[in-house]
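Quick notes on the structure that follows.
Laboratory data are not the source of any read-out in this text; all were calculated from the coordinates shown. The model shown is predicted, which means the values in this text are computed figures rather than measured ones. Heads up, the Cβs are rebuilt from the backbone with ideal geometry, glycines too, and the neighbour counts pull from every protein chain shown.
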Amino acid sequence: TFSLPVGSSRPDQVTNFTTEIMLAKEMYGEAAVKVVTMGSMSVQEQAQVVRDSAVYVSNHGGGSASSIFLEPGSGALLFWHGNIRLDHGFYESAGYFRTNWVSTFEREQVNRTMALIEREVQQMAVRWPDIVSAKRATPI
């Protein structure tokens, strides 16, 4: 699941994941890749979308807070801005999902980002083989 930014206080620093979404749809199929705007959803809707995600991709900040609803064994890719990750402690100590940080300097390395997504899908497939099928029918 890709969480798109809405009303960011740092519009010049957020990522809209345009290339990553296109590549993910090519890799896993249109139906398996969800693109959502968390700011337009209720907390209950956010929880459902994130709970059903094998991999959650979000900009660091308010949209990434929904990662608390990830299932055990899921992965999160958080695109962070600047040199400070204010809630780094939470994400690194959550323990039930894996956190991958993508910095401002790494954003142009789309192949690296896609490799991280694929690694997370593979990790989820090992832990929950019934959820992540060989056809990748589970939402990303």
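Given H placed on each backbone N at 1.01 Å, which residues far from T99 in sequence or on other chains put an amide H within less than 5 Å of it?
Correct list: A76.
Run the quick spin-label model on Q44 and F90: label points 7 Å from Cα toward the beta carbon, then report their separation in nm to one decimal.
The modelled label-to-label distance comes out at 2.3 nm.
Multiply the residue gap between N16 and I68 by 0.36 nm, knock off their C-alpha separation, and tell me the result in nm, one decimal place.
That pair, N16 and I68, stretches by 16.6 nm at full extension.
Note down the net charge around L23, summing +1 for each Lys or Arg and -1 for each Asp or Glu among other residues with Cβ under 13 Å from its Cβ.
-2
Efficiency by 1/(1 + (r/R0)^6): what FRET value for R107 and W128, r their Cβ-Cβ distance, R0 = 22 Å, to the nearest 0.05?
That pair, R107 with W128, gives E of 0.15.
Pull up all non-local amide H partners of L4: gap of 5 or more, or a different chain, and H-to-H distance under 5 Å with H placed in the peptide plane.
Amide H neighbours of L4: V36, T37, M38.
I'd like to compare 27-34, 90-97, 105-112: which one has the highest average count of other Cβ atoms within 10 Å, and what's the full order after that?
27-34, 90-97, 105-112
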